[in-house]
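Undergrad: Got a structure for you, questions after.
The values are calculated or read from the model by the stated rules, or taken from the named source; none is laboratory data. The model shown is predicted, which means the values in this text are computed figures rather than measured ones. So basically every Cβ, Gly included, is an ideal-geometry build from the backbone, and we count neighbours across all protein chains shown. Please note that ligands, DNA and RNA were not included when accessible areas were found on the heavy atoms of the full protein model with its side chains. Shrake-Rupley method; radii C 1.70, N 1.55, O 1.52, S 1.80 Å.
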Amino acid sequence: MNDFFTKTDLSRKDAESIISETLNNCDDGELYLENSKSESIVLDDDKIKSSSYSSDLGYGLRAVTGEVVAYSHSNEISKKSLNQSANNLSSTLKSQKGIYNHEIPRSNEKFYKDVNPIEEKSLQSKLDLLKEVNNYTRAKGGMVQQVTASFAGEHKSIEIIRSGGEVLTDVRPLIRFNVSVMLEKDGKKETGVYGIGGRQSYDEYLKDDNWKKVCDEAFRIASVNLESKPAPAGEMKVVLGSGWPAILIHEAIGHGLEGDFNRKKTSAFHNLMGQRVASEGVTIVDDGTLHNRRGSLTIDDEGTPTEKTVLIENGILKNFMQDRLNARLMNTRSTGSGRRESYKHVVLPRMRNTMMLNGKYSQEEMIKSVDKGIFAVSFGGGQVDITSGKFVFNCTEAYEIINGKIGSPIKGATLIGDGPSILKEVSLVGNNMMLDPGIGTCGKAGQGVPVGVAQPSILIDKMTVGGTQL
């Protein structure tokens, strides 16, 4: 755990005094201290293309009154800097009166170990492994034209000090390992990308040559796409694969269930609490308590312990994801969903690990029930209107389904629709729920935070597919 007061003239007692005085007439707020270290190493074209290391230390001071948020941040932790921030906030809120809400539940449970993935594995061993990855993947044959492999690691220590001297802390490791392979055959080029990651050390994911599975999967995806034909277009049945395809649920539905959009009534779900919003059998949760997962947190960025929040249960809307501000204004409670990218950012209600839970059908049953449609295994980029849920997603691996059987791989398929409508078109929910491999980052209001997704295979009875008409 980082001690933020050892190399500064600011003592913990001074900080607590300034915070309590500043937040005296506010509804909420805190001093958020953060020390983060990150690295990135990229191999490309048979050589190490880049290697970087960064370190950032700072604080954010927040005062909340009503729905007004005053925020000041600095990369200098000192008595002068914190007093200046406090004066700025006091000036902004000088005409406000409020009752400070200091109730934060406590939990002793941790969902990841206090490890530093950057320091646990030497730089040279990372460089050597990337070269092994390159050689192993290139040895797969003459079709391999390019291999890109990368490591990304982070170690973040945070401390939250609230009025009255309440202190909450967390140490958060995070890593990601990625491989991209470009193949060429008969003048046609295709790329396959695959990665893994989470809140553990590199070796937890890469031991016993597990890195080879990442290379193999990236090569497989590129090989499939080499054999693909143009995608069909039109309205048809779609089977979504398990695991990463839940990114569609995250983007098209999950954002619409975040508290701020619903408090402001800009979400399509804002007036549907307790009503049916999805087919029976559809249950969606947002869970911050999964061990070592990319989207998990022991406490959120306000200090609230995370939880498993049931959002939709058997098709009925049950809860929204809340930070403290929106929960207070909506007369409910925080779900431990307050998140920020860094000390430079304000808190927003955000997703953690968003998942559709298992149903009772097999993926084989779903595919057999489709006369003509597509089987979407993985997604790449897309566009989403957060408030309406309207989306366009590009499939990076997909197949046609003809007469209940998986046919040829297809390329250029896009899935088009809106989240609220698609939820009601789900007719079968699979029994093969799978977590994503640990690669997700979510953007909202200019802030990126690590997240996870999961789902079983699902059958959507009617969905618009964009592509090239066969």
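Undergrad: Under a point spin-label approximation (7 Å from Cα along Cα-to-Cβ), what is the residue 52-residue 416 distance to one decimal in nm?
TA: Those two pseudo-labels are separated by 3.7 nm.
Undergrad: By accessible area of protein heavy atoms, probe 1.4 Å, what ranking do 250, 270, 73 get, highest first? Present the calculation step by step, with values, prior to reporting the outcome.
TA: Values: 250 0, 270 65, 73 90 Å².
Ranking 250, 270, 73 by accessible area, largest first, yields 73, 270, 250.
Undergrad: I need the shape label for the stretch 38-162. Rule: rounded when a/c is under 1.5, else prolate if a/b > b/c, else oblate, with a, b, c from the alpha carbon gyration tensor.
TA: Details: a/c = 3.23, a/b = 2.69, b/c = 1.20.
Since a/c reaches 1.5 and a/b is larger than b/c, the shape of the stretch 38-162 is classed as prolate.
Undergrad: May I ask you to list the aspartates and glutamates whose Cα is less than 14 Å away from that of residue 131, ignoring any residue fewer than eight positions away on the same chain?
TA: Here the aspartates and glutamates satisfying the reach criterion relative to residue 131 are 44, 45, 46, 209.
Undergrad: Just how much of residue 214 is accessible, in Å², when a 1.4 Å probe is used and the result is rounded to the nearest 10?
TA: Solvent-accessible area, nearest 10 Å²: 0 Å².
Undergrad: Quick check: at a probe of 1.4 Å, how many percent of the accessible area of the stretch 1-87 sits on carbon and sulfur atoms? Before the final figure, lay out each step's value.
TA: Values: 1770 of 4150 Å².
Percent of accessible area from carbon and sulfur atoms in the stretch 1-87: 43.
Undergrad: Could you tell me the accessible area of residue 138 in Å² (1.4 Å probe, neighbours in place), rounded to the nearest ten?
TA: Here the residue's solvent-accessible area equals roughly 60 Å².
Undergrad: What number, in percent, do you get for the relative contact order of the chain if the mean sequence gap of Cα pairs under 8 Å and at least 6 apart is divided by its residue count?
TA: On the way: 1239 pairs, mean separation 75.6, N = 470.
That works out to 16 percent.
Undergrad: What percent does the relative contact order of the stretch 103-163 come to when contacts are Cα pairs within less than 8 Å and at least six residues apart? The partial results should precede the final answer.
TA: Details: 20 pairs, mean separation 24.5, N = 61.
That works out to 40 percent.
Undergrad: Averaged over every viewing direction, what's the projected area of the C-alpha convex hull for the stretch 182-333? Give it in nm², one decimal, please. Present the calculation step by step, with values, prior to reporting the outcome.
TA: Values: hull surface 52.1 nm².
The orientation-averaged projected area of the Cα hull of the stretch 182-333 comes to 13.0 nm².
Undergrad: What FRET efficiency comes out for the pair residue 135/residue 94, r = Cβ-Cβ distance, R0 = 56 Å, nearest 0.05?
TA: Working: r = 65 Å, r/R0 = 1.16.
Taking R0 as 56 Å, the efficiency between residue 135 and residue 94 is 0.30.
Undergrad: Kindly report the accessible area of the chain per residue (heavy atoms of protein chains, probe 1.4 Å, no ligands, DNA or RNA), in Å². Provide the component values of the computation, followed by the final result.
TA: Details: 19510 Å² over 470 residues.
So the chain comes to 42 Å² accessible per residue, rounded to a whole number.
Undergrad: Given the peptides 44-54, 433-443, arrange them by the average over their residues of other C-beta atoms within 10 Å, most packed first.
TA: Details: 44-54: 11.8, 433-443: 19.3.
Packing order, densest peptide first, comes out as 433-443, 44-54.
Undergrad: Another question about this same structure. Starting from the Cα of residue 76, step 7 Å along the direction of its Cβ; do the same at residue 270; then give the gap between the two resulting points in nm.
TA: About 4.2 nm separates the two model spin labels.
Undergrad: Okay, next question. Mean residue ellipticity at 222 nm from the helices of the chain, using -39,500 (n - 2.57) per DSSP H segment of n ≥ 4 over the full residue count, to the nearest 500 deg cm²/dmol?
TA: Values: 10 runs with 90 residues, N = 470.
Helix-only estimate at 222 nm: -5500 deg cm²/dmol.
Undergrad: Within the stretch 160-315, what whole-number % of the accessible surface is contributed by carbon and sulfur, with the 1.4 Å probe and all protein chains included in the calculation? Mind dumping the intermediate values first?
TA: Values: 2380 of 5230 Å².
Result for the stretch 160-315: 46 percent of the exposed heavy-atom area is carbon or sulfur.
Undergrad: Beyond a 30 Å Cα-Cα separation, which of these cross-linked pairs lie in this structure: 37/212; 13/156; 13/308; 49/156; 13/264? Don't skip to the end; give the middle numbers.
TA: Details: 37/212 28 Å; 13/156 23 Å; 13/308 35 Å; 49/156 26 Å; 13/264 38 Å.
Cα-Cα > 30 Å for 13/308; 13/264; rest within.
Undergrad: With the cut-off at 28 Å, tell me which of the pairs 121/411; 318/444; 140/411; 47/110; 237/390; 47/189 have Cα atoms farther apart than that. The partial results should precede the final answer.
TA: Details: 121/411 39 Å; 318/444 23 Å; 140/411 23 Å; 47/110 39 Å; 237/390 18 Å; 47/189 22 Å.
In this structure, 121/411; 47/110 exceed 28 Å between Cα atoms.
Undergrad: Now a separate question. Can you pull the accessible area of residue 320 for me, 1.4 Å probe, Å² to the nearest 10?
TA: For residue 320, the solvent-accessible surface is approximately 20 Å².
Undergrad: How large is log10 of I(q)/I(0) for the chain at q = 0.06, 0.07, 0.08, 0.09 Å⁻¹ when the intensity is taken from the Debye formula with one equal scatterer per alpha-carbon?
TA: Results for the chain at q = 0.06, 0.07, 0.08, 0.09 Å⁻¹ read -0.30, -0.41, -0.53, -0.66.
Undergrad: Something else now. Is the C-alpha gyration tensor of the stretch 228-312 telling us rounded, prolate or oblate? Criteria: a/c under 1.5 is rounded; beyond that, a/b larger than b/c is prolate, otherwise oblate. Numbers along the way, then the final one.
TA: Numbers: a/c = 2.20, a/b = 1.40, b/c = 1.58.
Cα axes put the stretch 228-312 in the oblate bin.
Undergrad: Enumerate the aspartates and glutamates that residue 185 could reach by cross-link, defined here as Cα to Cα under 14 Å, with residues fewer than 8 away along the same chain left out.
TA: Within the straight-line cut-off, residue 185 pairs with 227.
Undergrad: Once you wrap a convex hull around the alpha carbon atoms of the stretch 103-147, what is its projected area averaged over all directions, in nm²? Please report the intermediate quantities before stating the final value.
TA: Numbers: hull surface 25.3 nm².
Value for the stretch 103-147: 6.3 nm².
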